[in-house]
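This report refers to the structure that appears directly beneath it.
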Amino acid sequence: MKFIAFHFMPYRELPSDFEEKYPSVWVTPPKTLFDPERGHRMYHDYLDELEYAIDLGFDGVGVNEHHSNAYGMMPSPNLMASILSRKIRKSDKTSLLILGNSLASYNPPVRVAEEMAMLDVLSGGKLIAGFPVGTSMDQNYAYGINPAELRERYYEAHDLIMKAWKSDDVFMWNGKYNQLRYVNPWPRTAQRPHPPVWIPGGGSVETYDFCIENQYSFSFLSYFGHKYANKVLGPFWERNDELGGDRNPYKTGICQFIFVSETDERAQIEYEEHIRYFFSKCMHTDRRFAEAPGYRTVKSLRAGLRSQFDGTKKRPGDMLKDGTMTWQDLIDEGFIIAGSPATVRDRLRDVLQTLRAGNVVCLLHAGSMPHWLTLKNMQLFAEEVMPYVKDIHSEWDHSQYWPKGFSEEKVQEAVTQP
Amino acid sequence: MAQPISKIIKINENVSFEVKIAGQGEPVVFLHNLGGLKWNQFLDELSNHYQVYAPHLPGTGASTGLETIRDLWDLILCYYDLFDELGLESAHVIGHSLGGMIAAELAATDQSRVKQLVAIAPAGLFREDHPIPDMFAMLPEELNRLVVLDQDSPAAQMMRYVPEDLDERTEMMIERIQNQVAAAKFLWPIPDKGLKSRIHRIKAQTLLVWGKQDGLIPVVYGEEFHRRIAHSELKIIESASHLVDVEQTEEVISLIRDFLKTSDIAFTL
């Protein structure tokens, strides 16, 4: 198993009436709610937390990209990754996961090839390159990309970046959206021919095929945990079998909130309010921005709409909004895995074996969680849980999906001239 | 209501138009709005006086090839190709909203192809002092309230209709979204794709029709179009919003008929 300590870097101090007073945490949250001095504290706390994860020996630390978003304050994940790369270069365990750069919004996309190559070199060949399409809120509404062009731009950017990484030559690119006479990014990546690529996705068949054919790892990144993920990973594996791919669990990853304390009771006392902050404020999005026309393909739409109309089953977000979910419900529904180390270990083992996921993007910070509590959670997880579930799927080779890194060369000591 | 015939017309290897055709008389091309082409009372009435050609925008109805059309310029050329296939050297063109914008572009680009232009609450210009609201970030009921004045009218009821049957409902939603997808391609994220730098080229006599209470593209835009198109007249219709053609069908039809009767002589430079 591989465990990544992941951070959204949320604004921790949204007003208590945020969700009543403002329509959305995303696209339109008032900038006036952001206090730069508080923001300064938060950024550095969060970076300290991720650096601590490196000390604790997590397999990876991870960051991602959002725009105009009060729960994801990383419009540029690469900036955060570059800070982390200084410490990662000295670690023999931890890789650097950027999950990732939303390719369509980089102009030209060569910028991604360049910056990720810088990070790969800086980190000592330990970068995992994530290529999301990006949400409609980020890409269409906040960044104004025409939804009719988003996916085409994404695929073209992907092809351009991969060619830029693989090719030894200066080449020309005459694309639909990018025309470049000279593509020749410096530096080149430390990992040859390129860093492992992960694709965070929803449930579209197009994305499954894209990952399976290119040997990219598919990550289902939902805030609603393992039960929800199972609905997507199930069809992923079915499709994988159809296409004749191997069943390497490192081909898939899930996202999971995990909260560890001394006892089950204590976990609830310590974490519940912060989890509720996350689900009530950070998931408070305006449904007007849910999806621009054209963001999903018709194929995905048809599947999605049908299940939306079917039956009366509430969607997880709505269940949380109306406040009817108890702590136990959160656990039972799989939104969180929480409790004593023993509880979390048992649950996790069970889940990971059922899901056939080799990578877990661990969300160890939620909403308003203070720094000390996050450190505690990380430490308990790394010391009391992780070692006991590491063996799952260990019979499989992860090397296609994980960096190998290179150890640092000896630094030449300064020589005093006689 | 007369049933129009539906014809598929392939204009190049990528793009085909589905064109609804009805009526007899002088040819009139009708270009629909963001809601897609619906054969309604307005078109039915129009086809009592003219031969109406109503193409579906590529990507809607059975028209195909949206993904191969790069931009508005490509789209405009597709319509000229369609005119060729229909044997229309030139024709009167009527367009509503998005269709009005396309009609204006057609008249500005090749002045010989549009005989007389009727633009009903066209999109295409944008004023920061009167921004057109974001129609792609609106709940359906909010959009309905903006574009129809009388919420008890048949037009409003039609827009609220949701089929009981789940398969039908899914298909209706998909059709609605496909109409929006195609429209968004030429309107996202701000419905200003440069018409202001071309609009002065419109030489055709132009009738601008506006609902007085247009909640989507307010009348101030009518004045702007009127100012910028040399041979234009602006008619403002009482008790109507953006869907003025369906809200006040009779009046709009009669304005159009009067206008299309006029000859060049009626206009002075």
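The values are calculated or read from the model by the stated rules, or taken from the named source; none is laboratory data. Source: prediction; values computed, not measured. Every residue, glycine as well, gets a Cβ built from its backbone with ideal geometry; the counts of neighbours run over all protein chains shown. Side chains included, ligands, DNA and RNA excluded: accessible areas come from the protein's heavy atoms. Shrake-Rupley method; radii C 1.70, N 1.55, O 1.52, S 1.80 Å.
If you take the square roots of the eigenvalues of the alpha-carbon gyration tensor of the stretch A:1-86 and sort them as a ≥ b ≥ c, do you get rounded (a/c under 1.5), prolate (a/b over b/c) or oblate?
Prolate.
Rg/Rh for the stretch B:6-87 stands at 0.97; both radii use Cα atoms, and Rh follows the Kirkwood definition.
Residues of the stretch B:123-160 that bury at least 50 Å² of accessible area once all protein chains are present, compared with their chain alone (1.4 Å probe, heavy atoms only, ligands and nucleic acids left out), are B:137, B:139. Normalised per residue, the accessible area of the stretch B:44-148 is 33 Å², obtained with a 1.4 Å probe and no contribution from ligands, DNA or RNA.
Measuring nothing but how far apart in sequence close Cα pairs (under 8 Å, 6+ apart) lie, relative to its length, the stretch A:13-145 scores a relative contact order of 24 percent. The stretch B:197-217 and the stretch B:109-179 have Cα centres separated by 17 Å. Give the carbon-plus-sulfur fraction of the accessible surface of the stretch A:2-389 in %, rounded to a whole number; probe 1.4 Å, heavy atoms of protein chains only. With neighbouring chains kept in place, the figure for the stretch A:2-389 is 50 percent. Taking a straight line from the alpha carbon of residue A:21, these aspartates and glutamates sit under 19 Å away, with near neighbours fewer than eight places off in the same chain left out: A:13, A:35, A:286, A:318, A:322. A Förster radius of 60 Å, combined with the Cβ-Cβ distance separating residue A:406 from residue A:21, puts the computed FRET efficiency at roughly 0.70. Size descriptors for chain A: radius of gyration and Dmax over Cα atoms are 21.1, 85 Å. Taking chymotrypsin sites (Phe, Trp or Tyr not before Pro) as exposed when their DSSP state is a loop state and no more than 16 other Cβ atoms lie within 10 Å, the longest site-free interval of chain B runs over B:1-160.
Remark on the stretch A:285-304: accessible area falls by at least 20 square angstrom from chain-alone to full-complex state for A:287, A:288, A:293, A:294, A:298, A:301, A:302, probe 1.4 angstrom. Applying 0.36 nm per residue to the separation of residue B:12 and residue B:111 and subtracting their alpha-carbon distance, the gain on full extension is 33.4 nm. Structure note, pairs A:31/B:196; A:176/A:251; A:93/A:376; A:93/A:227; A:231/A:376: Cα-Cα distances above 24 angstrom occur for A:31/B:196; A:176/A:251; A:93/A:227; A:231/A:376. Applying 1/(1 + (r/R0)^6) with r as the Cβ-Cβ distance of residue B:230 and residue B:5 and R0 = 45 angstrom yields a FRET efficiency of 0.75.
Return the FRET efficiency for the residue pair residue A:414, residue B:175: r is the Cβ-Cβ distance, R0 is 51 Å, and the value is rounded to the nearest 0.05. E(calc), rounded to 0.05, equals 0.10.
Of all the options B:34, B:106, B:72, the one that moves most in a Gaussian network model of chain B with Cα springs shorter than 10 angstrom is B:72. Average 1/r across all pairs of distinct alpha carbons in chain B, invert it, and you get the Kirkwood radius: 18.6 Å. Volume of the convex hull of the stretch A:85-154 (Cα atoms only), normalised per residue: 84 Å³.
Tell me, in nm to one decimal, what length is gained between residue A:213 and residue A:354 on full extension, where the rule is 0.36 nm per residue of separation less the Cα-Cα distance?
Result for the pair: 48.4 nm of gain on full extension.
Over the stretch A:178-269, the alpha carbon radius of gyration divided by the compact-protein estimate 2.2 N^0.38 Å works out to 1.48. Using a probe of 1.4 Å on the protein chains alone, the accessible area found for residue B:81 is around 60 Å². The local environment of residue B:42, defined by Cβ-Cβ distances under 14 Å, has a net charge of -3 under the rule Lys, Arg +1 and Asp, Glu -1.
Each of residue B:158 and residue B:49 was given a label point 7 Å from its Cα along the Cα-to-Cβ line. The distance between the two points is 1.8 nm.
Whenever you get a sec, compute what percent of the accessible area on chain B sits on carbon and sulfur atoms (1.4 Å probe). Using a 1.4 Å probe with all protein chains present, chain B comes out at 50 percent carbon and sulfur.
Residue B:177: net charge of surrounding residues, Cβ under 14 Å, Lys/Arg +1, Asp/Glu -1, itself excluded?
Every neighbour counted, the sum reads +4.
Accessible surface calculations at 1.4 Å, restricted to protein heavy atoms, place the stretch A:141-238 at 46 Å² per residue. Helix-only arithmetic for chain A: the sum of -39500 (n - 2.57) across DSSP H runs with n ≥ 4, divided by the residue total, places the mean residue ellipticity at 222 nm at -12500 deg cm²/dmol.
Computed with every protein chain present, the accessible area of residue B:160 is close to 110 Å² [probe 1.4 Å]. Leaving ligands and nucleic acids aside, the B/A contact buries around 2100 square angstrom of accessible area in total at a 1.4 Å probe radius. The alpha-carbon of residue B:20 sits under 23 angstrom from the alpha-carbons of these lysines, leaving out residues fewer than 8 places away in its chain: B:7, B:10, B:38, B:115, B:185.
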